[in-house]
Amino acid sequence: MMNSFPHKFYIPVMGVAFTIDSPVRVAQYGISSAISIMEDRLIEMMRRHYYAFINEPFTPITTKEDNCREKRITDYLNLMNRIVNAQIEKIKKSVFEVGSELVKYFEMLPDDNELKQLYKKMQDTEDIVEKKNLEQLLKNNITAGSIDVNIMTKVDKNNYTKEGVLIEDGSDAVAALKGFAKSELKNSSIIFSAGMNPRLYNYLERCRAFDAKGLGEFEKKIVIKVSDYRSALVQGKYLAKKGIWVSEFRIESGLNCGGHAFATDGYLMGPILEEFKIKRNELIATLFDIYNKALEAKSLPTFSQPHPAKICAQGGIGTYAESALLRNYYGMDSIGWGTPFLLVPEATTVDAPTLALLQKAKKPDLFLSKNSPLGVPFHYLKGTSSDLEKKKRIALGRPGSPCTEKHLVNNTEFTEAPICTASAHYQKLKINQLQSQNLPAEQYERERQAVLDKECLCVGLSNSAPIKYVQPFLKNLSAVAICPGPNIVYFSKVVSLQQMSSHIYGKTNIITDNSRPHVFINELFIYIHYLGVQATEAGLVIDQKKQKYLLSFYHQLLSGIDYYRKIAQPCNGFSEKDSQDFNRHLDSACSELDILFKERLMKIACI
C-alpha cells in the first residue's frame, strides 16, 4: 500500500567503521543506510560482537578457509538482516504508548508521508473500532530501511594462494561483490563509488541476483555514485550493454563531501543537478533501449517500459530548505545526509575521543589532505589519534605504518609486488631515494613531505568500532582517523536520532553556527580554494595541458556563478532574504576569483 522506504533521506557510507552497523541502529525506523564491506577483518570482528549481542554461538571464519572474505561478508549481512527483521517484528507486536519504538517509528516520519497522516488520524479519532483498525493498518505497513553496501571500486587488489597462484575472481572488490550477491538480503542495493572498474562490472553479468524478476522487481539493485551526468551515462551504458539495470544514480559533490574527494573540472553541484533534471528522461530512455537489446541478444525476456531509476544527491546538505530545493526544484528522489550523522550515536559508530573532536571541529581543523595512499584528495580532521601517531613516528625517525591489511597496496616503484605508500617499508625506500638524489633543499623537503603525508586508512578508519565495542582487532594498532565533510563545522552537538530526523524535516534546528552559507555557496568556495592550490602547485611545473585545465576550471566556476544568479530567486524556493544573502556570497566569490586570476592564473595564461 505504502512507499517501501518511507523516509526522504538515507545515510551514506562513511569511512569503514562509522556506518558498519548502522542498519541495526536505524533500519527498524524505516531509514536506509550503507555499510562498507571492504575490510573483512573488521567484519569478522563485528560478527563476533553481534553473535554475542543476540546470544548465539559465534563460529569464526578464519583466513585459512577458502573464500573467507566472501563468506565473512555474506554471513555478516545475513546476521544484520536477521537482527533487523526481528526488530521489525518486535515493533509490530508492541503497543502505541509514549516512548515505545512503535511510536518512535511513526513520529520520525515526514508529515506529508501517507503513513504519518494515518498515524495522526489514529491519534485523533475517538472511535474505538476505527482506532483499532488504523493501529493494525499502520503496523501492517511498517517496513525496514534498506541494508545497502558500498564498494569503493578503486580498492580491488589481487589475491593469491599460499603457492602464489592468482585467485580467479578473488580480488578484493569482486570477492566483496560475491559476498553481497550470495546474502539473503532483499530489496537491497550495492553502491559502486570512485568510478568504473571493468573487472568488477564484468563480473556482475554472472550474478543472477541482479536480474529483474519483473518490471521494477529486483532482489538486489545496482546504485552508482557519480559526480556528473557524463559519468552516469558512461557507466550506465556499460552496464546496460550487459543487460544490467542501474536502479539509482547518486550524485555526490566532488569536493563538499566526506572521505575521498573526486573534484570535477570546475563543474558545480547546481549546474550538474540541472543537467540531470533536463536530461533525466533522455538518460533513462537511452539506457533502456541498450538494456532491452542486451536482454534480447541473450534470449531473455524484454520489457515494454523502463524499470524505475532514481536520481539522488548527497554532499554538504545541512538544512531542510536545501533538501527541499533538491527534491522540489531538481526532482531528486532522496537526499543523502552523511557527516551530521557522525554526531548521532544512535546511528553511527564513533569512539568517544573522536566524537569529542568532531564536536569541537572548526574550519582550521579540517583540510583536504594528501594523506590517502590512493593519491586522491582526502578530507581529514586534525588532532585524531591517528594524526598524532603519524607525527610521533616521524619525530622518532620511523615514519610509515605497519601494513597489516594491504587493501590499498598499489605501488611497484621499488618492489615487484605492490606495496602501500603509507607503509614504513615504502617510506623508508622512498626517502632513501630522495636523499641520494642531491635535490635542492626546498624540492627535497617538498617531496619528502609528500611521502610523509600518507597515512594508513585501512586501520585508522576501522578502529572506531573495536574501541567502542571493546573487541580485539589489531594488536598495538588502535589509532583512529576520521574523514568528515566540511559541513561538520556547523554541527557541534551530539543529538538523538529523533532530533536529527526533526532537523532534516524542518521541525527544529540543530545547526550551532547561524553564519552557515547555503550548500551551493559552501561548495563554490571550496572549489575556489582548490583551484588556488592547484594554481600554486602548477606554478612549480607548468605545461600546456595543465595551463588549459586551470583556465577551463576558472571559466567553469564563473559559468556556475552565472547559473546560480539565475536560480537564486523566490520563485525557486528561496526567500527574499536567502536570495539576497546568496547573491552577496556570489559577489564575494567573484571577487576572490578575480584576485586569484590576477595573482596566479594570469601568469599561467601568459606562459
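Structure notes:
- If R0 equals 30 Å, the separation of the Cβ atoms of A356 and A321 corresponds to a calculated FRET efficiency of about 0.50.
- From phi via Karplus (6.51, -1.76, 1.60), per-residue ³J(HN,Hα) for the stretch 184-199 in Hz, x at Gly/Pro: 8, 4, 10, 6, 10, 10, 10, 9, 9, 10, 6, x, 7, 10, x, 4
- Pairwise Cα distances in the stretch 223-276 exceed 19 Å for 28 percent of all pairs.
- Close amide H partners of G258, meaning residues 5 or more places away or on another chain with modelled amide H under 5 Å apart, are G485.
- Ellipticity estimate at 222 nm from DSSP helix runs (n ≥ 4, -39,500 (n - 2.57)) divided over the chain, nearest 500: -14500 deg cm²/dmol
- Here's how it looks for I482: its modeled amide H is under 5 Å from those of L381, which are all 5 or more places away or on a different chain.
- Built from the Cα atoms of the stretch 303-378, the convex hull projects on average onto 9.0 nm², one quarter of its surface area.
- Spacing of the two label points (7 Å from each Cα toward its C-beta) at K475 and R584, in nm: 6.0
- Long-range HN-HN contacts of A212 with modeled amide H, under 5 Å: none
- Taking the convex hull of Cα positions in the stretch 114-175, its mean projected area over all directions (nm²): 7.4
- Dipole axis of the chain (+1 Lys, Arg; -1 Asp, Glu on Cβ), positive-most option in G99, L215, S299: S299
- Whether the stretch 404-479 is rounded, prolate or oblate, judged on the alpha carbon gyration tensor where a/c under 1.5 counts as rounded: prolate
- The listed residues S94, S478, S464, once ranked by accessible area (1.4 Å probe) with the largest placed first, stand as S478, S94, S464.
- Across the accessible surface of the chain, with the other protein chains kept in place and a 1.4 Å probe, carbon and sulfur atoms take up 52 percent.
- Projecting label points 7 angstrom from Cα along Cα→Cβ for T63 and Q544 puts them 5.0 nm apart.
- Two-site FRET efficiency, E101 against E537, from Cβ-Cβ distance with R₀ of 41 Å, rounded to 0.05: 0.20
- What the phi angles of the stretch 210-218 give under the Karplus curve with 6.51, -1.76 and 1.60, with θ = phi - 60°, is a coupling list of 9, 6, 6, 8, x, 4, x, 9, 10 Hz, glycine and proline written as x.
- Averaged over its residues, the stretch 246-352 has an accessible area of 34 Å² per residue, based on protein heavy atoms and a 1.4 Å probe.
- Added length on full extension, which subtracts the Cα-Cα distance from 0.36 nm per residue, K406 to K363: 12.3 nm
- Contour minus Cα-Cα distance for N55 and S299 (0.36 nm per residue): 83.0 nm
- Measuring spread by the Cα atoms of the stretch 264-354 yields a radius of gyration and Dmax of 18.5, 57 Å.
- Rounded to the nearest Hz, the phi-derived 3J(HN,Hα) couplings of the stretch 511-517 under the Karplus curve 6.51 cos²θ - 1.76 cosθ + 1.60 (θ = phi - 60°) are 5, 9, 10, 6, 8, 4, x, where x marks glycine and proline.
- Heavy-atom SASA rank of F218, F58 (probe 1.4 Å, accessible area, largest first): F58, F218
- Along each principal axis, taking the top coordinate minus the bottom one, the Cα set of the chain gives 87, 65, 56 Å in descending order.
- Estimated at 0.36 nm per residue, the fully extended path between R398 and R48 surpasses their Cα-Cα distance by 122.6 nm.
- Taking every alpha-carbon pair under 8 Å whose residues sit at least 6 apart, the chain reaches a relative contact order of 15 percent.
- For the stretch 428-543, the C-alpha radius of gyration sits at 1.59 times the compact-globule guess of 2.2 N^0.38 Å, with N the residue count.
The values are calculated or read from the model by the stated rules, or taken from the named source; none is laboratory data. No experiment lies behind these values; they were computed from the predicted model shown. Cβ atoms come from the backbone with ideal geometry, glycine included; neighbour counts cover every protein chain shown. Only protein heavy atoms, including side chains, enter the accessible area calculation; ligands, DNA and RNA are left aside. Shrake-Rupley method; radii C 1.70, N 1.55, O 1.52, S 1.80 Å.
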